[in-house]
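Values quoted throughout were computed directly from the atomic coordinates according to the rules given, and no laboratory measurement underlies them. No experiment lies behind these values; they were computed from the predicted model shown. Cβ: placed from backbone, ideal geometry, glycine included. Neighbour counts: every protein chain shown.
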Amino acid sequence: MEEKIESFAPNETEAFGEKLGQAAQPGQIYCLSGDLGVGKTVFTKGFAKGLGVTEVVTSPTFTILNEYPGRLPLYHFDVYRISDEEEMDDTGYEDYFYGQGVCLVEWAELIENLIPQNAIWITVEKDYTKSEDYRRITLRQGAEEA
Ligand SMILES: Nc1ncnc2c1ncn2[C@@H]1O[C@H](COP(=O)(O)OP(=O)(O)OP(=O)(O)O)[C@@H](O)[C@H]1O
Ligand SMILES: [Mg+2]
């Protein structure tokens, strides 16, 4: 399954995140990939809101994992600074990836081999030929089709 959407402003990316957050189910893992500053955290803020998180979601770049209570617990990872699998083990990620909350992982492509098969991948890309604030968001679930 693949879905592509176009965002022309941060609030549109946030609204898309919110819609997905409202529909999120226990045990799901959302993997966000895309360049620095592309809008992964903007998406996450909306997602958290949709999930009923009332706390302000910040970028966890220096903490790797932030946990937020909501309709379901949200485990927000940013693995940009992870340098090896051991460091990832130290976060206790397996309990979360295989738990009953919802995981959202920024920079998931850096730990691709640790991500379960059934994860939902969301790729955010810029296209300056369209506009500075344009983002193409691709959502993909399950194994890629041949
Ligand atoms: N259509 C858009 N969708 C999302 N963000 C946008 C859009 N247009 C402009 N922006 C801006 O791009 C920036 C995205 O920042 P954000 O922190 O979400 O990026 P990120 O992908 O999480 O980066 P990092 O890899 O550093 O964590 C914000 O300043 C936001 O206002
Ligand atoms: Mg971010």
Sum of -39500 (n - 2.57) over DSSP H runs of 4+, divided by residues of the chain (222 nm, nearest 500): -7000 deg cm²/dmol
Cβ crowding within 10 Å averaged over residues, with 52-59, 125-132 ranked highest first: 52-59, 125-132
Tilt relative to the chain, helix 40-50 - C-alpha long axis, 0 to 90 degrees, to 10: 80
Virtual spin-label span in nm between GLN25 and LEU65, 7 Å along Cα→Cβ: 2.4
10 Å-binned pair-distance histogram of segment 2-135 (Cα, whole percent): 13, 47, 33, 7, 0
Most positive-pole-ward Cα, GLY39, GLY17, HIS76, against dipole of the chain from beta carbon charges: GLY17
Computed magnitude of the charge dipole of the chain (debye, nearest 20; Cβ of K, R +1, Cβ of D, E -1): 740
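Can you tell me the order of 102-110, 27-35, 116-124 when each peptide is scored by its average per-residue count of other Cβ atoms within 10 angstrom, highest first?
Ranking the peptides 102-110, 27-35, 116-124 by packing returns 102-110, 27-35, 116-124.
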